[in-house]
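Q: First the structure, then my questions, so here it is.
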Amino acid sequence: MALLLVAMVLSLLGREVLGDVGTAASYDPPYIPTKCYGNSEDQFPPGNLFVAVSEGLWDNGAACGRRYRVRCLSGNGRPCKSGNIDVKVVDFCPKSPCPATMVMSNTAFNAISRPGGRINIEYVQV
């Protein structure tokens with residue numbers, strides 16, 4: 001319900017939302033082993049823009065390898081940077097319950113937001 005409210009407010013402010021709305025947080029290394037590719041070092045895309053996803057996106061492991069275009073919509077203290085990034089799913093969220101829709105590598109999170117906290121995101125599968 002809160003995410004729907006965020007999307008409605010952003011739409012009213014002129015920021016069009018075209019994808020799904022969720023939340024993102026960052027997580028620290030070690031990033032391996034992963035549920036998708038185990039200990040393989042070459043599972044990570046160039047630039048280390050990758051994510052672990054929550055149950056809603058995991059799809060019993062079918063999410064492995066999926067790519068999403070992600071942008072920051074809002075967060076406490078106006079953390080968002082402009083633009084979007086493409087990330088690759090390499091893991092299931094390592095925490096239970098998962099703190100966000102996507103838990104991003106530090107590199108991915110820092111590309112769209114200032115470090116720390118949880119942010120509201122828009123994402124679409126590409």
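Q: Which of the peptides 85-92, 55-62, 18-25 is most tightly packed, and how do the rest follow, judged by the mean count of other Cβ atoms within 10 Å per residue?
A: Put in order of decreasing packing, that is 85-92, 18-25, 55-62.
Q: Quote the FRET efficiency, to the nearest 0.05, computed for Tyr37 versus Asn76 with a Förster distance R0 of 30 Å and r equal to the Cβ-Cβ distance. Could the numbers behind the result be given before it?
A: Values: r = 33 Å, r/R0 = 1.11.
So, using R0 = 30 Å, E works out to roughly 0.35.
Q: Under unit Cβ charges (Lys, Arg +1; Asp, Glu -1), what dipole magnitude, rounded to 20 debye, does the chain have relative to its Cα centre?
A: For this selection, approximately 360 debye.
Q: Here is a further query. With all pairs of different alpha carbon atoms counted, what Kirkwood hydrodynamic radius in Å does the chain show?
A: Evaluated on the chain, it is 14.6 Å.
Q: Also, I was wondering about something else. Please list, ordered by chain and number, the residues whose modelled amide H lies under 5 Å from the amide H of Ser113; skip anything fewer than 5 residues away on the same chain.
A: Placed amide hydrogens put Lys81 under 5 Å from Ser113.
Q: Which angle from 0 to 90°, rounded to the nearest 10, does the C-alpha axis of helix 2-12 make with the longest principal axis of the chain?
A: Helix 2-12 sits at roughly 50 degrees to that axis.
Q: Taking 7 Å along the Cα-to-C-beta vector as the label spot, tell me the Gln125-Arg67 distance in nanometres, rounded to one decimal.
A: Here the modelled spin labels are 1.5 nm apart.
Q: Give me a comma-separated list of calculated 3J(HN,Hα) values for region 86-99, in order, Karplus coefficients 6.51, -1.76, 1.60 applied at θ = phi - 60°, integers in Hz, x for any Gly or Pro.
A: 9, 10, 10, 7, 10, 7, 8, 3, x, 10, 10, x, 5, x
Q: Additional query: If a paramagnetic tag sat 7 Å from the Cα of Asp20 along the Cα-Cβ line, which residues of region 86-120 would have the backbone N under 17 Å from that point?
A: 86-94, 98-104, 119-120
Read-outs throughout are calculated quantities, based only on the coordinates presented, and are distinct from any laboratory measurement. Just so it is clear, the model here is predicted, and its values are computed rather than measured. Virtual Cβ from ideal backbone geometry, glycine too; neighbours counted across all protein chains shown.
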